[in-house]
Amino acid sequence: RRAPAATGGAAAEAAAARYDLYAILGIDASASSREIKLAFRARAFELHPDMNGASGAADAHGDAEGGTGHAHSSAFSDAMAAANAAYAVLSDVEARAVYDAAHASFGSDSLFGGYDGRPLSATLRPNAERALFIDENACIGCMACVHEAPHTIAIEDERGRARVGTQHADSEDALESARLVCPTSAGHWV
């Protein structure tokens, strides 16, 4: 059973790029180590606040309203952190081999194809600091957690394992009880 595919045009492409190290650097998976280095340098140059126009410089050096001169924009920091992480993995031969193997296993043609990292379950508390995750590989289908939090957790039809349907549909105490009662410790707060 495939996870839902990401939709939404540019938003979906941006989500996919966050999880594809090659896309972050704007290169193909067959890129050489030299091409990876050049792409990283070009991306770092492009993201540098002094190189991307007045708005980037204002974000990096503080605005005319008396900024500190040291505040970096959130977008710059996030994009640069992603580029650094991508380069750290792709420039290391062993780490790249591991990433490529995982990417092949979990890429667009896999069971998880199209998954963009967003929760699959609905939530009644969108601003909650944590959510309950059930590791379906560890679940044995005993239903103990379902008895503790029946509005949040259900048994999925295909494999007979517990799955969160709607986050926070039961009280925090009930969710914690459901997590603790599991004989295989399949429930986790994330």
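The numbers here are math on the coordinates, done by the rules we state, and not lab data. Given the structure is predicted, the values throughout are model-derived calculations rather than measurements. Cβ coordinates were reconstructed from backbone atoms using ideal geometry, including for glycine residues, and neighbour counts include every protein chain displayed.
Once the other residues with Cβ under 14 Å from the Cβ of Ala154 are scored (Lys, Arg +1; Asp, Glu -1), what is the net sum?
-3
Could you compute the net charge surrounding Ala39? Neighbours are other residues with a C-beta less than 11 Å from the C-beta of Ala39; K and R count +1, D and E count -1.
Local charge sum for Ala39: +1.
Can you pull the one-decimal nm distance between simple spin-label points at Glu35 and Asp173, each 7 Å off the Cα toward Cβ?
It works out to 6.0 nm between the two label points.
Just to confirm a number: summing +1 for Lys and Arg and -1 for Asp and Glu over residues other than Arg125 whose beta-carbon lies under 14 angstrom from that of Arg125, what do you get?
Numbers: positive: Arg130; negative: Glu129, Asp170, Glu172.
Value of the local net charge: -2.
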